[in-house]
There are 2 protein chains.
Amino acid sequence: MIKRDIPDIIVSRLPVYLRALRHMQTQNLQTTSSQELGKQVGISAAQIRKDLSQFGEFGKQGTGYNIAFLVSKLREILQVEKVWDVALVGMGDMGHALARYPGFTDRGFRITMFFDNDQSKIGTKVGEFKVQDTRGLVGAIHAAGIKLAMVCVPAEAAQEVTNQLVEAGVRSILNYAPISLSVPEGVRVQYLDPSVGLQRMTYYLDQNK
Amino acid sequence: MIKRDIPDIIVSRLPVYLRALRHMQTQNLQTTSSQELGKQVGISAAQIRKDLSQFGEFGKQGTGYNIAFLVSKLREILQVEKVWDVALVGMGDMGHALARYPGFTDRGFRITMFFDNDQSKIGTKVGEFKVQDTRGLVGAIHAAGIKLAMVCVPAEAAQEVTNQLVEAGVRSILNYAPISLSVPEGVRVQYLDPSVGLQRMTYYLDQNK
DNA sequence: TAGATTGTTAATCGATTAACAATC
DNA sequence: TAGATTGTTAATCGATTAACAATC
């Protein structure tokens, strides 16, 4: 499949649409419109139509979008029809929380490798998987062909772990460590540091209550 | 203080600059340039200068920026000089991980209220604080004047909890639940659903390894 | 002084919105 | 048919980058 060059910002909205559509499905809705979906996710109807039109014609004039059909199309576009294996590095509190996060499995993700450098954690079980020594990370991830990873190590260790992940062939990283990572061209990083999240909001708060 | 209308996207980059500058401080660096900082965070030098110039003139031609000075200015702009109290709703795995997240305290945040609706969790201790019954949320948060909250409850409960937070006077919400929240004008939500994070990346991955 | 780097302006680039013909 | 809503074009809006005078 030749992939046209779709702006990042559009791609990043698709999972939000998908999430809302699946929510509608749980309410037994059959169809929706760009207006209704837009209201749900806080995005203009025109933008939703424009975004979707990048990938095809999924709606019908007069009636809108068939939800099940649009869900399947979005899943196809985002490639979440298949199950992606994910590696997780750093079994601290955040690592454990992600390991047990219930939302991955029915969205096409499965964490199949866990790493830590703490001897007391190595070998312990997470579900059916054992925590492995970070020293074996490059070999293990490369051998398994894993392309997605989550980094939950302390800031000091995050760049080194990232280098190893890249070396192992990982192409996309979710970073929970409070540090900017440097990665080669073609590797994507998403930052989820919760304190940055909070700092983005205090700007808007009034100083005195 | 009268606050000029600074675009959201600029404000959202400031914590990233701040984080990188503090990292430089730990390496005993005294000054930096827009170019050096830009390389560190992956943003163009021109953009950094433009962003900072919205708030004042913090640099010197020829020599760049004094790191300590810029840090203090950014902390002032983002209002993280003071300590902000934060409420946390939902003491599942993610809630616990955030409760123990080490990066908040030295960035101006302190989680001082914990809520859950599970009777077996209510009354248990998190550090020096007790987990409270969600039923008392509105009153407790309002009384304490808390403006920031993190939502870590299941998707089904997230909108209801959000409504209560808004009623209690919360102005900014970090949402870890996999659902779009509807909030009144003036309340800000940031979405940190980890599965959306992953779905944003699979689009770019090759289907066959 | 010579070199470096800022803050800012103007030019470019890209994203969002408004509007509407097409059509279900 | 009448009403609704799409997909798309053109217009608007906003953000990024390039360039450079000012100056440390």
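Only one of B:171, B:107 is at the interface with chain A (Cβ under 9 Å from one of its Cβ atoms), buried (at least 18 other Cβ atoms within 10 Å of the Cβ), of a type in the set (D, E, K, R) and within 21 Å of residue A:92 (Cα to Cα). Can you tell me which?
B:107
A quick yes/no check of all residues on (1) more than 11 Å from DNA strand C (Cβ to nearest atom); (2) away from chain B (no Cβ under 11 Å); (3) surrounded by 12 or more Cβ atoms within 10 Å (Cβ to Cβ); (4) within 30 Å of residue B:185 (Cβ to Cβ):
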position: A:44; (1), (2), (3), (4): no, yes, yes, yes
position: A:52; (1), (2), (3), (4): yes, yes, yes, yes
position: A:57; (1), (2), (3), (4): no, yes, no, no
position: A:61; (1), (2), (3), (4): no, yes, no, no
position: A:86; (1), (2), (3), (4): yes, no, yes, no
- Message: When you scan the range A:93-102, do you find a residue that is facing chain B (nearest Cβ under 9 Å) and either within 16 Å of DNA strand D (Cβ to nearest atom) or of a type in the set (Val, Ile, Thr) (or both), even just one?
- Response: no
- Query: Does any residue of the range B:83-91 turn out to be among the aliphatic types (A, V, I, L, M) and touching an Asp or Glu at 6+ places or on another chain (Cβ under 8 Å)?
  - Reply: yes
- Item | Single condition residue B:76 does not satisfy, out of (1) within 20 Å of the chain's Cα centre (by Cα); (2) near DNA strand C (Cβ under 10 Å from one of its atoms) | (2)
- Item | Candidate set: the range B:1-41, residues that are within 11 Å of DNA strand D (Cβ to nearest atom), within 12 Å of another protein chain (Cβ to nearest Cβ) and surrounded by 13 or more Cβ atoms within 10 Å (Cβ to Cβ); chosen: the one farthest from residue A:205 (Cα to Cα) | B:38
- Message: Given the criterion buried (at least 17 other Cβ atoms within 10 Å of the Cβ), at pLDDT 95 or above, under 21 Å from the mean Cα position of the chain (by Cα) and away from chain A (no Cβ under 14 Å), identify the matching residue among B:153, B:161.
- Response: B:161
- Listed residues B:140, B:177; which is out of contact with any Lys or Arg (no Cβ under 8 Å at 6 or more places or on another chain) and within 14 Å of chain A (Cβ to nearest Cβ)? B:177
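The values are calculated or read from the model by the stated rules, or taken from the named source; none is laboratory data. This one's a predicted model, so the numbers in the text were calculated from it and none came from an experiment. Backbone-built Cβ (ideal geometry, glycine too); neighbour counts: all protein chains shown.
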